[in-house]
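Asks: So that we are looking at the same thing, I have put the structure below in C-alpha cells.
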Amino acid sequence: MTESLYDSYHRQIDYMRISVTDRCNLRCIYCNASTRQHLSHDDILRYEEISRVVRIAAKLGVHSIRLTGGEPTVRPRVAELVSMLRGIAGIKDISMTTNAVNLTEMAQPLKRAGLDRVNISLDTFRPERFAAMCGVGRLDDVLLGIEAARKAGLNPVKTNTVVLRGINDDEVVDFARKSVTDAWNVRFIEEMPLVDNPNGYKLVSVREIKEIIEREMGPMQPYDCPSGGHGPARYYHLGGGGGTIGLIGPVTDCFCDTCNRFRLTADGKLRPCLLREDEVDLKSALRAEASDEEIEALMLRAVAMKQEKHQLDEHIVPHGRNMRQIGG
C-alpha cells in the first residue's frame, strides 16, 4: 500500500528530482563552473540503483519524478531509465529539465519511453549572447529541440530563463511576448547564490521582472497552474495570449512553505533542500546491499532533516556543491 510522506512541518513530500549526471554539453556561466571536477563513472548511480530508489520512494508516496543533470540527455541510454521508471507502480508523472541541444534526435525516443514533458533552459534569443553565456553549442539547436519536443507531445513544453542583471535582462519582454505570439510557457527564475560563479551575483528579482513586463505589455493576470505543474512558479498570462508566464523567486519570494520535494544527486546523496548542505548517503547503502527497509529508513531520515526554510535571508548560502553537482 502506498503511504503518504510528510516532513516535520506537515508538508507532503511527493516529488523527487534526480540528477543522472553532473556532466553537460554547455558551460552556462551561472551553473557549470570549470573549477569543479566531474564525477567518475563509478561515482554516479547506476540506472538500476536509481530505479530501486524510486521504487522505494513510490511506496512512501512519491509520485512525480524530474530527471535533471548536468544535462540528462548526455548520459547514454537515458531513455532506458525513463522506461524503467515508467514501469514503477505509483509513479504518475516523469519530466525532464534539459537544454534541448539533443532533443531533435531524442524527443521521440524519450516520449516513447514514457517521458511526459520537458522544461527547457533558454536564457537568450541572440546567437552571439548564447555563445557568451553558454560557452559552447548553438542557439539554433536549442530552438530546433523545442520544436521537436512539441511535435513529440512532450507537453506542456516550458522554457526556463535565469535573468541576470546587465547580461540578458534586456530580453525579458522578448520572452514574455512569446507567450502571446507563440503560446509559449515561459518561466523566469531568480539567480541563486551558489558556489563557483566566476560571473558574480547578478540577481534580478521576480518583482522587477514583473514590472518590466507590465510596463511594456500591460497587466499580468494570475493564472491557475497548468496541467503537469508540480513546482514553485507563480503563473500569469497576458491578454490575448495562449501561453503562460511563470515567476520563480527562490531568493526574494521564498516558497519553502509549500516545498514538496527532495533531490537525489548523481553520486547518490539524498538532499532535503537545494539551498542547504544536509545530505543522506544512499549510494553507500545501495552498494552495501542494504535492504529496502534500510533504504526507506534513510529516506525518512532525509525527510525528517528538512528545515522550515532556507537561510538566504540570513545571507547563509551553501558552499559544498554547485548547481550541476546538485541537479537543478
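The values are calculated or read from the model by the stated rules, or taken from the named source; none is laboratory data. What you are looking at is a predicted structure, and each value in this text was computed from that prediction instead of being measured. Cβ: placed from backbone, ideal geometry, glycine included. Neighbour counts: every protein chain shown. What goes into the accessible areas is simple: the full protein's heavy atoms, side chains included, and nothing from ligands, DNA or RNA. Shrake-Rupley method; radii C 1.70, N 1.55, O 1.52, S 1.80 Å.
Asks: What are the pairs, 6+ residues apart or on separate chains, where a residue within region 242-260 that is small (G, A, S) has its Cβ under 8 Å from a residue that is modelled with pLDDT of 85 or more and assigned to a helix (DSSP H, G or I)?
Replies: Listed by first residue and then by second, the contacts come to G242/S179; G242/V180; G243/K178; G243/S179; G243/V180; G249/V206; G249/R207.
Asks: Further, regarding this structure: Failed condition for C254, given (1) in a loop (DSSP other than H, G, I, E, B); (2) of a type outside the set (D, E); (3) touching a strand residue (DSSP E or B) at 6+ places or on another chain (Cβ under 8 Å); (4) at pLDDT 80 or above, with all others met?
Replies: (3)
Asks: Also, I was wondering about something else. Which condition breaks for R86 when tested against (1) closer than 30 Å to S4 by Cβ; (2) open to solvent by 50 Å² or more (accessible area, probe 1.4 Å); (3) modelled with pLDDT under 95?
Replies: All conditions pass for R86, except number (3).
Asks: Here's a follow-up. Inspect all residues belonging to region 1-21 and state whether any of them is within 15 Å of V303 (Cα to Cα), open to solvent by 50 Å² or more (accessible area, probe 1.4 Å), acidic (D, E) and touching a Leu at 6+ places or on another chain (Cβ under 9 Å). Write out each step before concluding.
Replies: Going through region 1-21, the residues within 15 Å of V303 (Cα to Cα) turn out to be 3-17.
Imposing the further condition that a residue be open to solvent by 50 Å² or more (accessible area, probe 1.4 Å) reduces the set to 3-4, 6, 8-10, 12.
Applying the additional criterion that residues be acidic (D, E) yields 3.
Those left that are additionally touching a Leu at 6+ places or on another chain (Cβ under 9 Å): 3.
Yes, there is a match, as at least one residue in region 1-21 is within 15 Å of V303 (Cα to Cα), open to solvent by 50 Å² or more (accessible area, probe 1.4 Å), acidic (D, E) and touching a Leu at 6+ places or on another chain (Cβ under 9 Å).
Asks: Considering (1) closer than 14 Å to L103 by Cα; (2) assigned to a helix (DSSP H, G or I), say which one N155 fails and leave the rest.
Replies: All conditions are met except number (2).
Asks: I44: open to solvent by 10 Å² or more (accessible area, probe 1.4 Å), within 19 Å of K111 (Cα to Cα), of a type in the set (A, V, I, L, M) and out of contact with any Gly (no Cβ under 6 Å at 6 or more places or on another chain), yes or no? Break it down into steps so the answer makes sense when it comes.
Replies: Working: open to solvent by 10 Å² or more (accessible area, probe 1.4 Å): yes; within 19 Å of K111 (Cα to Cα): no; of a type in the set (A, V, I, L, M): yes; out of contact with any Gly (no Cβ under 6 Å at 6 or more places or on another chain): yes.
Criteria not met by I44.
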